[in-house]
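Here is the structure we will look at.
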Amino acid sequence: MKDNYKKIALWQTAFLGDSVLTLPLIKALALRFPDAEIHFFVRKGVESLFAGQPELSGVHGFDKRGAQKGMVAARTFGVELGRQGFDLFISAHTSARSAVVAMSTGIKDRIGYDAPWFNRFVYSQTVKRRFDEREEVERLLALGEPLGIPGIAPEVMLELPDDVLDEAESFFDRLGEGPVIGVHPGSTWETKKWPEQNFAQVIDKCIAQGLKVILFGGPSEEELCRSVLALTDHSESVVNLAGKLNLQQLAAHIRQLDVYISNDSGPMHIAWVQNVPVVALFGPTVRRFGFFPRGENSTVLETHEELECRPCGLHGGRSCPEKHHKCMTDISVEKVWNEILRKVGKGNGSEND
């Protein structure tokens, strides 16, 4: 590997949360190569979230579920990327599609993980991911080992445009004094969702305690949020922002919260990376996978019962294979409520299960 690079392509086209988890590696690359252009390649649709990062010279979307679906499109994209003057390609994604893109670039210096097996033929330098030993941020930082980058995560902050931050601050000013709790009941995967009635009960407890509540959800989660609201006794007191915010606005509004309650989801990572106190509910996935919210202000709640079926996969699934969904239903409303009280300074966090 060279001692210096001028134009670096960093490839991470997995989910939204995976892209957020890559921020420490981006910062580490910027510190190691301060004069280099760093370009971030992400799943199409999430580019705007990283548009304000000062370490990045460009953020580019790859439409792997749409117009650029398939290996032929991946090869075409890689060839085009290879003509853009990059002298280093780093892949944080382990898919065969990502390998095709990397190989097709023709860039001499390419770094990736040593697994799957075909990666040894794709990358000029490979590193061990050590999935069972490291958290995801450290696994990503390992891609910098051939470049002399230490495996210690630098401090990072998601940077957002001033006008978007000002808009969010004005919105919260209009809400008035007192703690504001953000609730996000959605997830890409059905089995990662805590029951709707549980979210509704937590919302009712918040309102009864004098806490303000904002309901968050993406465009595909509007119906879910309406369903949760219909189960509450205080729907008129809840601010429902489901489907009303773009990614930058979502991040800016989350930054203003006193507590963010979420399933294992992409917005959960948007919260912790901005030092927002997080209560995360993990069921089919587990903390030890390494994709949990980091920081002293983050809490992961899981069932205490030993379930032989848990974890059931790296991402969860569309339905519970065992038909009981105990990994999520066993997380009690009281446990979540006590954690909220502790984070807003109104309780000691004891569990009354």
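Of the residues making up region 186-212, those that are buried (at least 22 other Cβ atoms within 10 Å of the Cβ), in contact with a helix residue (DSSP H, G or I) (Cβ under 7 Å, 6 or more places away or on another chain) and aliphatic (A, V, I, L, M) are A200, V202. When the helices (runs of 4 or more DSSP H) confined to region 1-102 are screened for residues that are more than 24 Å from the chain's Cα centre (by Cα) and surrounded by fewer than 23 Cβ atoms within 10 Å (Cβ to Cβ), those reaching at least 2 such residues are found at 71-82. Among the residues of region 314-325, the ones that are within 16 Å of E136 (Cβ to Cβ) and surrounded by fewer than 17 Cβ atoms within 10 Å (Cβ to Cβ) come to 1 in all. Can you confirm whether region 303-320 contains a residue that is at pLDDT 95 or above and either in contact with a Leu (Cβ under 9 Å, 6 or more places away or on another chain) or charged (D, E, K, R) (or both)? Checking region 303-320: not a single residue is at pLDDT 95 or above and either in contact with a Leu (Cβ under 9 Å, 6 or more places away or on another chain) or charged (D, E, K, R) (or both). Looking only at residues of region 169-201 that are aliphatic (A, V, I, L, M) and touching a strand residue (DSSP E or B) at 6+ places or on another chain (Cβ under 7 Å), we find that the one that is farthest from W272 (Cα to Cα) is L175.
Scanning region 103-130 for residues that are more than 17 Å from V72 (Cα to Cα), hydrophobic (A, V, I, L, M, F, W, C) and part of a helix (DSSP H, G or I) turns up W117, F118, F121. Among residues that are touching a Lys or Arg at 6+ places or on another chain (Cβ under 9 Å), assigned to a loop (DSSP other than H, G, I, E, B) and not assigned by TED's automatic domain parsing to the domain that holds T22, P284 is included.
The values are calculated or read from the model by the stated rules, or taken from the named source; none is laboratory data. Computed from a predicted structure; not experimentally measured. FYI the Cβ positions are ideal-geometry reconstructions off the backbone, even for glycines, and counts take in every protein chain you see.
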